[in-house]
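The values are calculated or read from the model by the stated rules, or taken from the named source; none is laboratory data. Just so we're clear, the structure is a prediction, and the values are computed from it rather than from any experiment. Quick reminder, even Gly has a Cβ in these numbers, built from the backbone with ideal geometry, and neighbours come from all protein chains shown.
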Amino acid sequence: WNGIVLVAFLVNWQFGYTKSWSWGTTLFWLLALCIGVYLIMQMLRQAFSTVGIGPTLIETSDYPLLPGERYRVFVKQAGALQVKRFEVILECEEEATFEHGTNTRRESRRVYRETVARHEKFAILNSVPYECECEIAIPERAMHSFKSEHNEIRWRLVVRIEADGWPPIERAAPLIVRPVRVQLTRQATRREAAFPAANEHRSSASLDVSSQVRP
């Protein structure tokens, strides 16, 4: 916006159009200037909040994730803040890409959102980071992570912070949710690990049979 306004002003000034400005034109340029200053202030405020609010660490008890399973989540937030609200949110977004001739249009919508942790009105000291543990559950019939040329399913964990003196800020960590068939394979592996004696007996039996049929 500021670049467009600056170029338009320079063109008007170079060709001498500024000498014949009316009240309407002057009001337009004043409005454009106010909008430009507001956008710059918002950009600087967002940049200061990103730098001023300390780093955010997000960890899960297992990775990648599976539908129908529950996982522990550990969040660590650094920085000196007077927090009004601290939320950990599990989200799933679907994005579709449409092509109309030479134009490409993208549409995204949130298909799942759950607030898994919420804490309000507390202080984070610069020397002592804030730590939070919670639990998430991927719905049993949820769509797994997916990406193709025209469609994408994205899962993520979002940490949303509202603090005194700062605009609300969101930090997200992408998640990978595997298909159900991977879950069945992992469950079979767990059953084999739970009964090692049966697995050993089955292996030795196959060796015995092989030794009997050998000429």
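Of 63, 71, all but one fail to be of a type in the set (Ser, Thr, Tyr) and loosely packed, with under 13 Cβ neighbours inside 10 Å; the exception is 63. Run down 115, 97, 104 and say which single residue is surrounded by 12 or more Cβ atoms within 10 Å (Cβ to Cβ) and at pLDDT below 90. Being surrounded by 12 or more Cβ atoms within 10 Å (Cβ to Cβ) and at pLDDT below 90 holds for just one of 115, 97, 104, which is 97. Condition first: in contact with an Asp or Glu (Cβ under 8 Å, 6 or more places away or on another chain), exposed (fewer than 15 other Cβ atoms within 10 Å of the Cβ) and of a type in the set (A, V, I, L, M). Can you find one or more residues in the stretch 76-94 that meet it? No, the stretch 76-94 contains no residue that is in contact with an Asp or Glu (Cβ under 8 Å, 6 or more places away or on another chain), exposed (fewer than 15 other Cβ atoms within 10 Å of the Cβ) and of a type in the set (A, V, I, L, M).
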